[in-house]
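Below is a structure I'd like to ask you about.
The values are calculated or read from the model by the stated rules, or taken from the named source; none is laboratory data. Note that the coordinates shown come from a computational prediction; the quantities given were computed from them, not determined experimentally. Every residue, glycine as well, gets a Cβ built from its backbone with ideal geometry; the counts of neighbours run over all protein chains shown.
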Amino acid sequence: MARGSASPLAVATHESTESLRSRLARRHLEQTVFDESPPVVVKSRAPRRPIPRDLLVLTLFCVGFVAIAEVLSRAIGAPFVLPAGESPALGTHFSWPVIAALTGYATLQIYSAVTGSHREGRDAWTRNLITDLYLVSLFIIVTYVHFHIKMWVPLINPRNYDASYLAVDNRLRFLIEGLRPIRHAIASVLPAPDLWYALAFFSMFSLSFWFHAAGRRTWHYHNMVAITLTELLGPLLYLVAPAVGPFLVERGDNPVATAAQLHMYGEYSALQATGVTWLQQHGGEYFTAPLAAMPSLHFAATCVLAYYAVRARLVIAPLVVALLCWIGIESIVSRWHYLVDLPAGLGVALVTIAFANRICRHRLEEKSPVPVTGDFAREGWRVAQPERWRA
């Protein structure tokens, strides 16, 4: 061996030491700190999916929902219809709530584009806009199918469970009577209180959509996925143990609601008597008028909206919680719903919230307070936050 040259054993030892140091340094770099230490840079575990997981899953659910409706339609011979006219439950044209929600959203987006007040770059803003429009499109499709299945309930499952649910109301009558003075006290300070059942619900939806979309968007996708799944799951549950509502045997404290209920029940009775033939002739006008009490999807949807408004710390969260309480009270006192409909609706909300949180959790992981730049960004590294920093 020539003098001055390293032995093979020394070279191997040196290379092994350097390899060990490299591995230790990389392992130290990849650790995620969950205590008071600052965030660290870690290697991304997987490349970004072309289609986000939550959008893909929601799309598949929507396709399956439409397929179920198509099967039901063929089985009973009921047609799909185009909605038309005024909704007796809303007291206005059926399209106005959707138009109002989209108009408010468009106004916020135009303002953001003109003033440049959006926090993300132009590409991210455009991507968010396209995603929001896609989510709204899925929601509209689900809602369209939702009302068809709701119309078809007496044709698919003609059994009726109103007597069973009313028996529970009679056993717990003290709860209903206890809610009446609360409802009257709130109504005494509300303008046109008899209109606030539907108004509160659609106001909650629009305000939540606007403030989530225009804000930090941390829980925006969770909210849209959960509310869409609620409208998807609900009509399938209507078929399990259907009921019309307690107004059949007792009038509520809201005369506007009572007039709408009686009008809707007249059309419901005509559908029961005539079947698909009546639906073929009057389905468009009946589209937003079908009756279904169990579960209460108004209460389920408002629970979802309230949960994510509070979770996202939206400025409107106190208002949304107040409206949730009003809808729960009014649904019972005005006799839209039986007492058992509300916990059933809450159960629907809990299921959809849990599922949305599961499939949307990567949205929280993407929120990073420190940007990664330079060589680290090019190699696919990101900042991992402690759990306590995640919004």
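For region 365-376, check the following and say yes or no: at least one residue is closer than 27 Å to ARG311 by Cβ, touching a Ser or Thr at 6+ places or on another chain (Cβ under 8 Å), at pLDDT 80 or above and not acidic (Asp, Glu).
Checked region 365-376: no residue is closer than 27 Å to ARG311 by Cβ, touching a Ser or Thr at 6+ places or on another chain (Cβ under 8 Å), at pLDDT 80 or above and not acidic (Asp, Glu).
Which of the numbered conditions does LEU175 fail, given that it passes all the others? Conditions: (1) part of a helix (DSSP H, G or I); (2) in contact with a Ser or Thr (Cβ under 7 Å, 6 or more places away or on another chain); (3) under 14 Å from SER331 (Cβ atoms).
Answer for LEU175: the failing condition is (2).
If you scan region 158-186, which residues turn out to be touching an Asp or Glu at 6+ places or on another chain (Cβ under 8 Å) and either surrounded by fewer than 14 Cβ atoms within 10 Å (Cβ to Cβ) or of a type in the set (A, V, I, L, M) (or both)? First the steps, then the outcome.
So in region 158-186, the residues touching an Asp or Glu at 6+ places or on another chain (Cβ under 8 Å) come out as 165, 176, 180, 183-184.
If the condition is that a residue be touching an Asp or Glu at 6+ places or on another chain (Cβ under 8 Å) and either surrounded by fewer than 14 Cβ atoms within 10 Å (Cβ to Cβ) or of a type in the set (A, V, I, L, M) (or both), then ILE176, HIS184 are the ones that fit.
Then there is this: Please identify the pairs in which a residue from region 160-186 that is in the same structural domain as TYR238 (by TED's automatic domain parsing) and aliphatic (A, V, I, L, M) has its Cβ atom under 7 Å from the Cβ atom of a residue that is surrounded by 11 or more Cβ atoms within 10 Å (Cβ to Cβ) and part of a helix (DSSP H, G or I), counting only partners at least 6 apart or on another chain.
Sorted first by the residue in region 160-186, then by its partner, the pairs are LEU166/PRO246; ILE176/ASP169; ILE176/ILE332; LEU179/ILE329; LEU179/ILE332; LEU179/VAL333; ILE182/ILE329; ILE186/TRP326.
Working only within region 268-326, note down all residues that are under 30 Å from PHE211 (Cβ atoms), not small (Gly, Ala, Ser) and not in a helix (DSSP H, G or I).
PHE287, THR288, PRO295, ARG313, LEU314, VAL315, ILE316
Still on this structure, I have one more. Please pick out the residue among ALA241, ALA226 that is in a loop (DSSP other than H, G, I, E, B), at pLDDT 90 or above and at negative phi.
Numbers: ALA226 fails: in a loop (DSSP other than H, G, I, E, B).
Matching residue, one of ALA241, ALA226: ALA241.
Between TYR307, TYR268, which is surrounded by 15 or more Cβ atoms within 10 Å (Cβ to Cβ), among the aromatic types (Phe, Trp, Tyr) and modelled with pLDDT under 90? Working first, answer last.
Working: TYR307 fails: modelled with pLDDT under 90.
Testing whether each residue is surrounded by 15 or more Cβ atoms within 10 Å (Cβ to Cβ), among the aromatic types (Phe, Trp, Tyr) and modelled with pLDDT under 90 leaves just TYR268.
From the list THR274, THR258, pick out the single residue that is in the same structural domain as GLU177 (by TED's automatic domain parsing), surrounded by fewer than 18 Cβ atoms within 10 Å (Cβ to Cβ), free of Cβ contacts under 8 Å to residues at least 40 places away in the same chain and of a type in the set (Val, Ile, Thr). Write out each step before concluding.
Values: THR258 fails: free of Cβ contacts under 8 Å to residues at least 40 places away in the same chain.
On inspection, the qualifying residue turns out to be THR274.
Which residues, taken from region 286-309, are more than 14 Å from the chain's Cα centre (by Cα) and among the hydrophobic types (A, V, I, L, M, F, W, C)?
Just the residues of region 286-309 that are more than 14 Å from the chain's Cα centre (by Cα), to begin with: 286-296.
Residues satisfying the conditions are PHE287, ALA289, LEU291, ALA292, ALA293, MET294.
Among the residues of region 214-240, how many are surrounded by fewer than 23 Cβ atoms within 10 Å (Cβ to Cβ) and more than 17 Å from PHE147 (Cα to Cα)?
Going through region 214-240 one residue at a time, the tally reaches 5.
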